[in-house]
1. Spelling out what I want: for every residue of segment 183-193, take phi, set θ = phi - 60°, compute 6.51 cos²θ - 1.76 cosθ + 1.60 (Karplus), and round to whole Hz; glycine and proline get x.
2. First measure r as the distance between the Cβ atoms of SER259 and GLU107, then evaluate 1/(1 + (r/R0)^6) with R0 = 56 Å and state the FRET efficiency to the nearest 0.05.
3. Please find the FRET efficiency linking GLU290 to VAL79, where r is the Cβ-Cβ separation and R0 is fixed at 35 Å, and quote it to the nearest 0.05.
4. Given springs between every Cα pair under 10 Å in a Gaussian network model of the chain, which of HIS308, HIS251, HIS276 has the largest fluctuation?
5. Packing-wise, with mean Cβ within 10 Å as the measure, how do 15-21, 128-134 rank, highest first?
6. Which net charge results for the neighbourhood of ALA101, defined as the other residues with beta-carbon distances under 11 angstrom from its beta-carbon, given Lys and Arg at +1 and Asp and Glu at -1?
7. For the Cα atoms of the chain, what angle does the longest principal axis make with the long axis of helix 150-161, in degrees from 0 to 90, nearest 10?
8. With the alpha-carbon atoms as the only input, what is the per residue convex hull volume for segment 1-116 in Å³?
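What follows is calculated from the coordinates using simple rules that are stated; it is not laboratory data. All values reported here derive from a predicted model rather than from experimental measurement. Neighbour counts run over all protein chains shown; Cβ positions are idealised from the backbone, glycine included.
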Amino acid sequence: MRAVRVTAFGAPDVLRTEEVPDPRPDAGEVLIDVERAGVGYGDVIVRTGRYPFPLPYVPGLEAGGTVAAVGAGVDPDLVGRRVVAATTGMTGGYAERAVAAAGAVHEVPAGLPLDRAVAVFQSGAVAVGLLSAIGLRRGETVLVTAAAGRIGSLLVQRARTAGAGLVVAAVGGARKAAAAREFGADVVVDHTAPGWAGQVRQATGGRGTDVTLDAVGGPVGAGALAATADGGGRFALYGFTSGTWVELDAHRIGRRGISVVGALGIAFAKPAEEQHADAAEALRAAAAGELVPRIHATFPLERAAAAHAALEDRSSIGAVQLTTARH
Ligand SMILES: NC(=O)c1ccc[n+]([C@@H]2O[C@H](COP(=O)([O-])OP(=O)(O)OC[C@H]3O[C@@H](n4cnc5c(N)ncnc54)[C@H](OP(=O)(O)O)[C@@H]3O)[C@@H](O)[C@H]2O)c1
């Protein structure tokens, strides 16, 4: 089968498509004929060696397609079903065939196209898990950074349907600002411009946001923390696309009366059953039209480098995917 294999960490061109043997499902696993693989910023972080996996590896933790075979102990009725799944070891999705634990597989709800199911089942699970961990209440004000991103765009939508009062989106640039409004943000600020945290405070009548959700870290994360309400504000950090996590000074946060949740425990480090329930909820919401993921672009396997570049150069709005269809 064709698979994208990484033999050394580095620039996007380390993503090379090669012929490799098919993987085999072990006991408790399924083998999936992959049609679509999700590409997330986390894949970029691993590829650059900032969060290294053992080499060589096939990237890709999100796969969608049809179950081709099952390992020992797995219901054979699964064969032929249309599914999305988190791959075993968070690798192997950028390939024509991938394996996943049977417990990490979700049937694609009737009427939901596969590309949307792939775009939503993990990103949406992060959004669902994050808003539940932070305890968003009706009427509260919310700030989302990288709000036109894969997860950010779903956070804006989910905050809206959860009854948030004012939803403030922070994005880089005018094109993303327009998209963030389409996703449901009331106020949009440019987090690449100086003084943006002050604009967020102004938009919330000077108080700051009740809930802040930050994917960027670094100076943007610091601005987001500054824009969070003293005396009860909650700050969730779930990513560091800027290259560094937001710096947290426990003494200062304590004095301001802010609670913090995160970081990776929002999705990856929580119990498998909770991750599964969050993904199932995201798929339900997508099938019901409450979560509408935007697909920025779909690249053939051979162009995985271009898919990564779209995330790294910050041009993507919504999700980037790979297709195994031959072009
Ligand atoms: N905690 C968890 O369990 C969990 C699970 C999955 C993913 N994540 C994390 O969630 C974050 C978002 O992932 P995603 O896939 O949804 O990505 P994404 O938001 O679609 O793409 C990354 C965005 O980050 C912003 N950004 C700011 N500074 C950047 C820089 N120096 N380089 C590149 N991008 C920069 C850009 O938006 P602007 O142009 O608008 O600034 C860019 O579009 C990642 O850090 C990922 O690792 C966490």
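1. Each residue's phi maps through the Karplus curve to give 6, x, 6, 7, 10, 10, 10, 9, 7, 9, 9 Hz.
2. Numbers: r = 37 Å, r/R0 = 0.65.
Rounded to the nearest 0.05, the efficiency is 0.95.
3. Values: r = 31 Å, r/R0 = 0.89.
Efficiency, rounded to the nearest 0.05: 0.65.
4. HIS251
5. Numbers: 15-21: 14.4, 128-134: 21.6.
Per-residue mean Cβ counts within 10 Å order the peptides as 128-134, 15-21.
6. Numbers: positive: none; negative: ASP26, GLU29.
For residues surrounding ALA101, the net value is -2.
7. Its long axis makes an angle of about 60 degrees.
8. Numbers: hull volume 11.0 nm³, N = 116.
Per-residue hull volume (Cα only) is 95 Å³.
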